[in-house]
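The structure appears right after this line, and notes come after that.
The values are calculated or read from the model by the stated rules, or taken from the named source; none is laboratory data. No experiment lies behind these values; they were computed from the predicted model shown. As a convention, Cβ positions derive from the backbone with ideal geometry for all residues, glycine included, and neighbour counts pool all protein chains shown.
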Amino acid sequence: MRLVNINFVDEGSVLARPVRSANGRVLLGEGVSLNYNFLTKLKQLGYDMLFIRDDRFRDVEINYAVSDKTKEIAFNAIRSVTTAVDNNPDTSINADGVRYAVLNIMEDLLCSFDILSNLTDIMGYDEYTFHHSVNTTVLALVLAMGKGYTQTRLLELGMGVLMHDIGKTRVPKEILHKSSKLNEEDFEEIKKHSGFGYDFIRKNRDFSIHSAHVAFQHHEKWMGGGYPRGLKGTDIHEFGRITAVADVYDALISKRPYREAMEPYEAYEYILAQSGYQFDPEIVKIFTKHVAVYPTGTGVILSNGLRGNVIAQNASLPNRPIVRAIFEGNNLLEQYSDFDLSKQLNIMITKIENR
């Protein structure tokens, strides 16, 4: 299979992976032949990347950090809590559902053999807030595992991250879902969600105070200037420092109705550039070791003029994966060629092009 921009998917192409909604429901199953109506509807829903069957990539496995079932469990947990809080701001969090979701994510991550497995799946516009909470939790736990956290500490962090945006239930919906740029007054309202979330979580005895600090401090910045308290350096709880990196990375690579998603390598470079400024340098260092710069399946153009897709990662050099080239320009090669960029140092990726 390989990843293809929907605008370059031919009618009759066959899906290599199911297309799912954010809550895990299958919209189109693996093996479905794509016709004009299917492609049109997927575009309307905001899907712009699809995994397509290609015999030249039959041996390529694209494994995600957590299973579709685990993502569905986590999605339903956060949606259940959010819906309950929307209906009754004084309600208690269903901590059992949150704990179960985080334990499932932890189990998937601990059983994964591919340390640079893709962290996020293709998605459309729907249910961004819930999808973002799940993705951010997955990445935060990957980073915490990189730091050597115990199971108890991982669970404590994960429960906080899954709830890190719960305070947004107190922000006016017209501001939260505004498609145009926020003005200063709007932004001041948005900033209140950190305090709202902290107060809500800390009042629940099934969550630790450390979990509550995830909601409170994930917008603080290493060099100061963040909110709500403008903390600096190690005055920021480590849970908050980890979540800050995970939160920003997932937000950057997520497509929104009012802007396109960044390519993963662009978001990766942003995180790297903000090391020591917005983010804790130690956390960024761990991030660079555990996140693929070019996720498996990504279409790329090489400096030798050949075009193909990433088929595997090099854990020691995350920015130099293995690429299978199948085109020279727009001409299909008679025989594909694999390039291990960790060994062929005279070749580099010059551009992302999923077609």
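Of the residues making up the range 79-114, just one is out of contact with any helix residue (DSSP H, G or I) (no Cβ under 7 Å at 6 or more places or on another chain), farther than 21 Å from L157 by Cα, part of a helix (DSSP H, G or I) and of a type outside the set (S, T, N, Q), namely A84. In this structure, V60 does satisfy being surrounded by fewer than 21 Cβ atoms within 10 Å (Cβ to Cβ), part of a loop (DSSP other than H, G, I, E, B) and within 22 Å of the chain's Cα centre (by Cα). Tell me, yes or no, whether the range 230-248 has at least one residue that is crowded, with 18+ Cβ neighbours inside 10 Å and under 22 Å from I352 (Cα atoms). Yes, that holds for at least one residue.
Selection within the range 291-309: residues that are touching a Lys or Arg at 6+ places or on another chain (Cβ under 8 Å) and among the hydrophobic types (A, V, I, L, M, F, W, C). The member of this set that is surrounded by the fewest Cβ atoms within 10 Å (Cβ to Cβ) is I301. Of all residue pairs spaced 6 or more apart or on separate chains, none has beta-carbon atoms under 6 Å together with a first member in the range 221-232 that is in contact (Cβ under 8 Å) with a residue 60 or more places away in the chain and assigned to a loop (DSSP other than H, G, I, E, B) and a second member that is of a type in the set (D, E) and surrounded by 14 or more Cβ atoms within 10 Å (Cβ to Cβ). Of all residues in the range 195-241, those that are of a type in the set (S, T, Y) and under 23 Å from P281 (Cβ atoms) total 2. Being touching a residue at least 60 places away in the same chain (Cβ under 8 Å) and among the small types (G, A, S) is the filter here; which residues of the range 161-196 pass it? Hits for the range 161-196 are S179, S180.
Residues in the range 305-355 that are in contact with a helix residue (DSSP H, G or I) (Cβ under 7 Å, 6 or more places away or on another chain) and modelled with pLDDT under 90: P318, R355.
Criterion applied to F187, F196 was being at pLDDT below 95, of a type outside the set (S, T, Y) and out of contact with any Gly (no Cβ under 6 Å at 6 or more places or on another chain), and the one residue passing it is F187.
Taken as a whole, the condition of being buried (at least 20 other Cβ atoms within 10 Å of the Cβ) and among the polar types (S, T, N, Q) does not apply to T288.
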